[in-house]
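See below for the structure under consideration.
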Amino acid sequence: MWRDTLVITPASPLTPKMGLGGDLVALWEVPLSDGKHKVGFEHGTTTGRRVLWVDGQEKLRHDWMFKLVGSETFEIGNAKCVIKIEPIGGFSYEYSLEVNGKSYKKFAENQNKILKTWVFPLDGSYSRVVLEKGTLDVWVNGKKLDTAGEFVDDGTETHFDLCGHPAYIKAVSSGNRREGIIHSLVVDNTEIAESSE
């Protein structure tokens, strides 16, 4: 379940520290083609300090800000993100994330519609294959691959090399207008189950 905003009060239990400050008030997982990115936000309500983390790396730091509300803008790859800090009474604040102009919830729901994801074990470690349905780009473990498309009797196949294993994504019509096109991943002639990341 996706949440648009997080509400933290002084008495709220915080998630584990992302950095050294210990003022972590919000944590989101942003699903993009190259993987899920963890965004953490620290907000020191007594010091005015703001620290932004993306995938465990500090991306932004402001110390001793007198204005405790406002917004912070940053990017993850080509995605433009904004964290908004708003008061909700007393010493409580609401933290919301927008990605590419959409609320976190709407963005995540949209990504779920336009991306097909498979996560599975291969050669002793897990591989993550993502198909961008709009562009037919294929990403493996965060890297965009070169592919070759081919028409077959019942649809299309997008072929690529998956760490030395022959693989393809097959697209066939479901025959149902609501369901649309069905995509399936085949590696070494074995169909892989889709992940619900």
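What the table shows:
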item	result
Dipole moment magnitude, nearest 20 debye, the chain about Cα centre, only Lys, Arg, Asp, Glu C-beta charged	880
The stretch 116-158: relative contact order in percent, alpha carbon pairs under 8 Å with at least 6 residues between	22
Tensor-based shape of the stretch 69-161 (alpha-carbon gyration tensor, a/c under 1.5 rounded, otherwise prolate or oblate)	prolate
Net lengthening on full extension, residue 61/residue 106 (0.36 nm per residue, minus Cα-Cα)	13.5 nm
Given 59/144; 80/106; 80/113, the pairs whose alpha carbons are separated by over 22 Å	59/144
Loop-resident sites, the stretch 139-178, for trypsin sites (Lys or Arg not before Pro), counting at most 10 other Cβ within 10 Å (DSSP)	177, 178
Evaluated over the stretch 49-122, the Cα radius of gyration and Dmax, each in Å	15.5, 52
The stretch 135-190: C-alpha gyration tensor shape, a/c 1.5 cut-off, then a/b vs b/c	prolate
Inter-part distance where the stretch 115-144 and the stretch 145-180 are each reduced to a Cα centre, Å	13
Computed accessible area, residue 74, all protein chains, 1.4 angstrom probe, square angstrom	20
Protein accessible area in the chain, 1.4 Å probe - carbon and sulfur %	51
Shape category assigned to the stretch 89-142 from the gyration tensor of Cα positions, a/c cut at 1.5	oblate
Magnitude of the charge dipole, the stretch 54-120, Cβ model with Lys/Arg +1 and Asp/Glu -1, debye to 20	320
Phi to ³J(HN,Hα) by Karplus 6.51 cos²θ - 1.76 cosθ + 1.60 over the stretch 105-122, Hz, x for Gly, Pro	4, 5, 4, 5, 5, 5, 4, 5, 7, 9, 10, 10, 10, 10, 10, 7, x, 8
Length-normalised contact order of the chain in % [C-alpha pairs under 8 Å, at least 6 apart]	13
Listed candidates [x] 65, 38, 26; [y] 51, 33, 28; [z] 87, 40, 22 - label of the one calculated as Cα extents along the principal axes in Å	[x]
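The values are calculated or read from the model by the stated rules, or taken from the named source; none is laboratory data. Quick caveat, the model's predicted, so the values are computed rather than measured. In this analysis, Cβ positions are derived from the backbone assuming ideal geometry, glycine residues included, and neighbour counts consider all displayed protein chains. Protein only, heavy atoms only, side chains kept; ligands, DNA and RNA dropped before computing areas. Shrake-Rupley method; radii C 1.70, N 1.55, O 1.52, S 1.80 Å.
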